[in-house]
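Notes follow the structure.
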Amino acid sequence: MLKLEQSEKELLKILGKRLKAARKAKKATQTQFGNNLGITRQTYSKMENGDPAIDVGYWLRVSAILDKLEAWESVLTENSVEPAVIHAG
């Protein structure tokens, strides 16, 4: 199982809460959002609870449904990550 730092767990919880608020603002059920994503209500519920086992593809898809996909464009861009230094062994 993936071992997350506390800050990463907290971020997933925050994202889940934001997702729940966005769904409720659209007056949609977990079942409806899950169906739009092609997942069960139970799996969708895990997203709202910040479960780290949820595939990032579902987060991308729900972002597109909520017209927030452009927010992902800056994730891991050249300017946001320091290049790794590889040492010859």
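In the stretch 4-30, the qualifying residues are those that are assigned to a loop (DSSP other than H, G, I, E, B) and either surrounded by 13 or more Cβ atoms within 10 Å (Cβ to Cβ) or not acidic (Asp, Glu) (or both), and the one that is nearest to the chain's Cα centre (by Cα) is Leu4. Applying a threshold of 6 Å to beta carbon distances and a minimum spacing of six or more residues, or different chains, the list of pairs starting in the stretch 39-67 at a residue that is among the acidic types (Asp, Glu) and ending at one that is at pLDDT 95 or above reads Glu48/Gly16; Glu48/Leu19; Glu48/Lys20. When the stretch 48-58 is filtered for residues that are buried (at least 16 other Cβ atoms within 10 Å of the Cβ) and out of contact with any Gly (no Cβ under 6 Å at 6 or more places or on another chain), the ones remaining, listed by number, are Ile54, Tyr58. Please verify whether the stretch 31-46 includes one or more residues that are of a type outside the set (Phe, Trp, Tyr), surrounded by 14 or more Cβ atoms within 10 Å (Cβ to Cβ), closer than 26 Å to Gln6 by Cα and touching a Phe, Trp or Tyr at 6+ places or on another chain (Cβ under 7 Å). No, the stretch 31-46 has no match at all.
The values are calculated or read from the model by the stated rules, or taken from the named source; none is laboratory data. Values in this document were obtained by computation on a predicted structure and should not be read as measured data. Glycine gets a Cβ as well: all are built from the backbone with ideal geometry, and neighbour counts include every protein chain shown.
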